[in-house]
Amino acid sequence: MKALQELEADLSEVDRSTWADELLSRRYEGVVNNVWDQIIEGEDPWRVLQGMTFRSVSFGEPGPADVLQHGIHRFRIQESEEPRSLTEWRLKLKAWANRGWEIEFQSCRLSSVDLANRAFPSSVFDLVVHLVNHSTNRRGILRGELIVDWGGDDGNQGPEMAAVGLRNARWLTREGPLVFQEIVSREMMPHTETRFIDPLIVADFDGNGRSDLLFSGANVLYSGIQGGGLQSGAFVKGSSPVVYTSVYADIDGDGWRDYVIVDRKGVLVMRGGDGRSQLESAWRAPTRMSNPSSLTAGDVDGDGDVDLWLTQYKLPYVGGQMPTPYYEANDGYPSFLLLNDGSGRFSDGTDDHGLSVYRFRRTYSSSFVDLDNDGDLDLLNVSDFAGLDLYRNDGSGRFKLATSEWVSNPHGFGMAHAFGDFDLNGRLDFVMIGMNSPVADRLDSLSLWPQSSRSEASFRSLMAFGNRMYLSMDSGRFQENALGRSMAKAGWAWGVGSLDFDNDGDLDLYVANGHKTRASSRDYEQEFWTRDLVLGSSHETPLLDLYFRKRGTELYGAGYSYGGYQRNAFFLNVRGKEFVEVAFLLGVADDQDGRNVVCEDLDQDGLLDIVVTSSEVWPASRQMFRLYQNVLGETGNWIGFSLPTRSEGGSWLGAKVSVHANGQSWMRVVSAGDAYRSQSAGKLHFGLGAAKMIERVILQFGNGERRELRGLELGQYHALAPR
């Protein structure tokens, strides 16, 4: 306890010196947090805003509309040259309320502070407001930068807002019924040991042609998905297995996909096709594993059977350790490349096949996929506190690190990934889901970093960039550009699903957001950047363990969130040129802290639906899943493919399917391990826009095998023949 008191005294001194400007910034942030928290506590938002005081306000009017798909209108808010009085501002608010608009959600996060004039500083808040008008059946999203010029600060009442304005603002509206309707919302209980209901696997487990939902962590299968009806039951009969991660793949080569799970002892399998429900060991770990996190499958060595890549995640804070260095941590628990002997039993080939150097990443997702189109499966690995690792397969299952050969910037708090052709050039792209940070942004604006760690300062903005989209180029590299930057900021992002929800021919993205929402908008993230990363190391430290626990208790007990009050995001792809976030307009902006996402046509009507889970800690701990049915009316044309229930010629994992029509091509890949602890293993769906006839469909498998299909009708799912 004496050592803890000394540590806290040292930290207070560092706050007064190194972080003095950040502490001053928090006073400005606190003024806005007070307003935000009043609304969170249930007060009328219009009344709260009416009660704000400042000397002047600048707000412009919407300019001409940019008409997007599905009745979405986007207006640029013109910046006002003349400030308005507080009275004019209050009349404006009253007019909005009188027209029937209600504020349903608001987010206002301090991202930049200018202290050049310390007597009258200014700040920038990232503002998002969701509004609904029930009388006109309209929804609106206001997004922009709230600029606040500050007046005096007497130290008691807090800083005074002198002038307020809106900059770089957009107003998006949509009228009419929602595109997605929530037809299922259910709470689920996870296994007591793992504490999670995921992994989530969507597949046709009962062979009736419809996809089912398996929540592996809860051992619950939901089947009979049609018209909103769901029937649930235990998947593994007679027991409730401890499942840390899982995959659905044929590992014994009999043509039936098997249910492969991982507990702390190793890999277990429930073999498919014969009606058995007993789990049997397929590989035993050399020592008890700490926290298996992701599992992907594919034939990496070309011998005709499916191999596995098993990763683990090491939680920060536990035992007083933190990932070090925070931008390239390789200090977690070991991952394993498990090679199949052909019968569904595995041996560890990690060291002999080139995957030993970075096997201690804190990994959340990974996939085997052919990135260089040479006919074998490469490895894409996404880790928290590191980002992206890419490995090139030499054709024999031996890997060489090739990250720098393929991408320029792999950094990020990597959580998940998704594949697709996002820029409509016929090549396979991918996106890595990460976290953007307003706190990191404002520390950069203040040029603050501990002197002892200044060499790491350049990595802060790279790590806090958010989501990264890597687009395939003619050169063989993957490049980031403006398209990806338009979907970079989603929040504390976890799961992701790519989908062409309106069959217009381009892929949209749905991202699940939020970490731990509690009673207040005040957020623990400031501690992460100014104290935790500086204090921690890879080694467990009892003193820091005590400090982290004590500090967490203090702030969480005061209602602080950690990555809280972030709604799920839906990025509408506008002809491969930009993404526009429209989740609230479509009806899928969940309030809960999201996790898993799978997008699949569950009711087989040619429209992709969304399954999303959430994990909440306040006001009570609970986990839920929601099913959103796509009820969009008129759409473009489409075609789909169902993978064979049985395929004795080899696994479909890693296969690429491309559809060609009207001089354009669309590509999908059959993968496992992407999204966030989720797998969709049943169908491939292609929106085709105005195309009325398919020229050809090309199937390309991981071993170089190629197959071509012609004469297929649109508007239906075609059962693919076994390999």
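Let's see how each residue does on (1) within 30 Å of Pro121 (Cα to Cα); (2) touching a residue at least 12 places away in the same chain (Cβ under 8 Å); (3) crowded, with 24+ Cβ neighbours inside 10 Å; (4) under 19 Å from the mean Cα position of the chain (by Cα):
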position: Leu380; (1), (2), (3), (4): no, yes, yes, yes
position: Lys400; (1), (2), (3), (4): no, yes, no, no
position: Pro410; (1), (2), (3), (4): no, yes, no, yes
position: Phe413; (1), (2), (3), (4): no, yes, yes, yes
position: Ala418; (1), (2), (3), (4): no, yes, yes, yes
position: Met435; (1), (2), (3), (4): yes, yes, yes, yes
Original post:
Filtering the stretch 282-308 down to residues that are touching a Gly at 6+ places or on another chain (Cβ under 8 Å) and under 26 Å from Phe465 (Cβ atoms), which residue is surrounded by the fewest Cβ atoms within 10 Å (Cβ to Cβ)?
Top reply: Thr296
**OP:** Find all pairs meeting these conditions: Cβ atoms under 9 angstrom apart; at least six residues apart or on different chains; first residue within the stretch 181-205 and touching a residue at least 40 places away in the same chain (Cβ under 8 Å); second residue open to solvent by 50 Å² or more (accessible area, probe 1.4 Å) and of a type in the set (A, V, I, L, M, F, W, C).
**Re:** Gln181/Val631; Pro190/Phe196; Ile197/Met189
Original post:
Among the residues of the stretch 138-184 satisfying the criterion of being farther than 18 Å from Ala583 by Cα and of a type in the set (S, T, N, Q), which is least open to solvent (accessible area, probe 1.4 Å)?
Top reply: Asn168
Original post:
In the stretch 420-429, what residues are outside any loop (DSSP other than H, G, I, E, B) and either over 17 Å from the mean Cα position of the chain (by Cα) or touching a residue at least 60 places away in the same chain (Cβ under 8 Å) (or both)?
Top reply: Gly420
Original post:
Hey, does the stretch 706-716 have a residue that's among the acidic types (Asp, Glu) and in a strand (DSSP E or B)?
Top reply: yes
Original post:
Mind checking which residues of the stretch 230-265 are open to solvent by less than 10 Å² (accessible area, probe 1.4 Å) and in a loop (DSSP other than H, G, I, E, B)?
Top reply: Val236, Val243, Ile251, Gly255
**OP:** Could you please let me know if Asp250 is charged (D, E, K, R) and without any contact (Cβ under 8 Å) to a residue 60 or more places away in the chain?
**Re:** no
**OP:** Out of Leu390, Leu371, report the one residue that is touching a strand residue (DSSP E or B) at 6+ places or on another chain (Cβ under 7 Å) and not in a loop (DSSP other than H, G, I, E, B).
**Re:** Leu390
Subject >> Enumeration of residues in the stretch 581-597 that are farther than 19 Å from Gly176 by Cα, open to solvent by less than 10 Å² (accessible area, probe 1.4 Å) and not in a loop (DSSP other than H, G, I, E, B) >> reply: Gly594, Asn596, Val597
Original post:
Within the stretch 697-723, can you find the residues that are under 23 Å from Asp374 (Cβ atoms), among the basic types (Lys, Arg) and without any contact (Cβ under 8 Å) to a residue 60 or more places away in the chain?
Top reply: Arg706, Arg707
Subject >> Hey, Arg551 outside any loop (DSSP other than H, G, I, E, B) and in contact with a strand residue (DSSP E or B) (Cβ under 7 Å, 6 or more places away or on another chain) or not >> reply: no
**OP:** Could you tell me whether the stretch 492-507 includes any residue that is polar (S, T, N, Q), in a strand (DSSP E or B), touching a strand residue (DSSP E or B) at 6+ places or on another chain (Cβ under 7 Å) and open to solvent by 20 Å² or more (accessible area, probe 1.4 Å)?
**Re:** yes
Original post:
Mind checking which pairs have a first residue in the stretch 45-63 that is under 18 Å from Ala97 (Cβ atoms) and a second that is basic (Lys, Arg), Cβ under 6 Å, 6 or more apart or different chains?
Top reply: Gln50/Arg90; Val57/Arg84
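Give Trp36, Trp46 a once-over and let me know the one that is within 24 Å of Ser520 (Cβ to Cβ), in a helix (DSSP H, G or I) and either under 28 Å from the mean Cα position of the chain (by Cα) or modelled with pLDDT under 95 (or both). Give the steps one after another, and end with the answer.
Values: Trp46 fails: either under 28 Å from the mean Cα position of the chain (by Cα) or modelled with pLDDT under 95 (or both).
The match here is Trp36.
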Original post:
Scanning the stretch 327-356 for residues that are open to solvent by less than 10 Å² (accessible area, probe 1.4 Å) and either without any contact (Cβ under 8 Å) to a residue 24 or more places away in the chain or in contact with a helix residue (DSSP H, G or I) (Cβ under 7 Å, 6 or more places away or on another chain) (or both), which turns out nearest to Phe368 (Cα to Cα)?
Top reply: Leu337
Subject >> All positions within the stretch 288-327 that are closer than 26 Å to Ser396 by Cβ, assigned to a loop (DSSP other than H, G, I, E, B) and under 25 Å from the mean Cα position of the chain (by Cα) >> reply: none
Subject >> Selected residue (criterion: nearest to the chain's Cα centre (by Cα)) from residues of the stretch 266-281 that are in contact (Cβ under 8 Å) with a residue 24 or more places away in the chain and open to solvent by less than 10 Å² (accessible area, probe 1.4 Å) >> reply: Val267
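Here is a check on your reading of the model: is Gly387 within 29 Å of Val657 (Cβ to Cβ), at pLDDT 95 or above, surrounded by 23 or more Cβ atoms within 10 Å (Cβ to Cβ) and of a type in the set (Gly, Ala, Ser)? Talk me through it step by step, then tell me what you get.
Numbers: within 29 Å of Val657 (Cβ to Cβ): yes; at pLDDT 95 or above: yes; surrounded by 23 or more Cβ atoms within 10 Å (Cβ to Cβ): yes; of a type in the set (Gly, Ala, Ser): yes.
Here the answer is yes, as Gly387 does meet what is asked.
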Subject >> Residue that is most open to solvent (accessible area, probe 1.4 Å) [pool: residues in the stretch 534-548 that are farther than 10 Å from Gly319 by Cα and either free of Cβ contacts under 8 Å to residues at least 60 places away in the same chain or assigned to a helix (DSSP H, G or I) (or both)] >> reply: Val534
Original post:
Can you name every residue in the stretch 158-180 that is of a type in the set (S, T, N, Q) and in contact (Cβ under 8 Å) with a residue 60 or more places away in the chain?
Top reply: Thr173
Original post:
Are there any pairs with C-beta distances below 6 angstrom linking a residue in the stretch 131-157 that is within 19 Å of Asn33 (Cβ to Cβ) to a residue that is charged (D, E, K, R) and open to solvent by 70 Å² or more (accessible area, probe 1.4 Å), with the two at least 6 apart or on different chains, and if so which?
Top reply: Glu145/Arg167; Ile147/Arg167; Gly151/Glu160
**OP:** Could you tell me which residue of the stretch 437-463 is most open to solvent (accessible area, probe 1.4 Å), considering only residues that are touching a residue at least 40 places away in the same chain (Cβ under 8 Å) and among the small types (Gly, Ala, Ser)?
**Re:** Ser452
Original post:
Cβ-Cβ below 7 Å, separation at least six or inter-chain, first residue in the stretch 495-514 and without any contact (Cβ under 8 Å) to a residue 24 or more places away in the chain and over 13 Å from Met469 (Cα atoms), second part of a loop (DSSP other than H, G, I, E, B) and open to solvent by 10 Å² or more (accessible area, probe 1.4 Å): which pairs?
Top reply: none
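Consider the stretch 666-685. How many of its residues are at positive phi and at pLDDT 95 or above? So that I can check it myself, show each step before the final result.
Narrowing the stretch 666-685 to residues at positive phi: 673, 675, 677.
Keeping just the survivors that are at pLDDT 95 or above gives 677.
Final tally of qualifying residues: 1.
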Original post:
Considering only residues of the stretch 66-104 that are modelled with pLDDT of 95 or more and in a loop (DSSP other than H, G, I, E, B), which is surrounded by the fewest Cβ atoms within 10 Å (Cβ to Cβ)?
Top reply: Arg99
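The values are calculated or read from the model by the stated rules, or taken from the named source; none is laboratory data. Everything numeric here is computed off the predicted structure, so don't read it as measured data. Cβ sites come from the backbone with ideal geometry, for glycine too, and all protein chains shown count toward neighbours. Accessible surface is based on the protein model in full, side chains and every heavy atom, while ligands, DNA and RNA are left aside. Shrake-Rupley method; radii C 1.70, N 1.55, O 1.52, S 1.80 Å.
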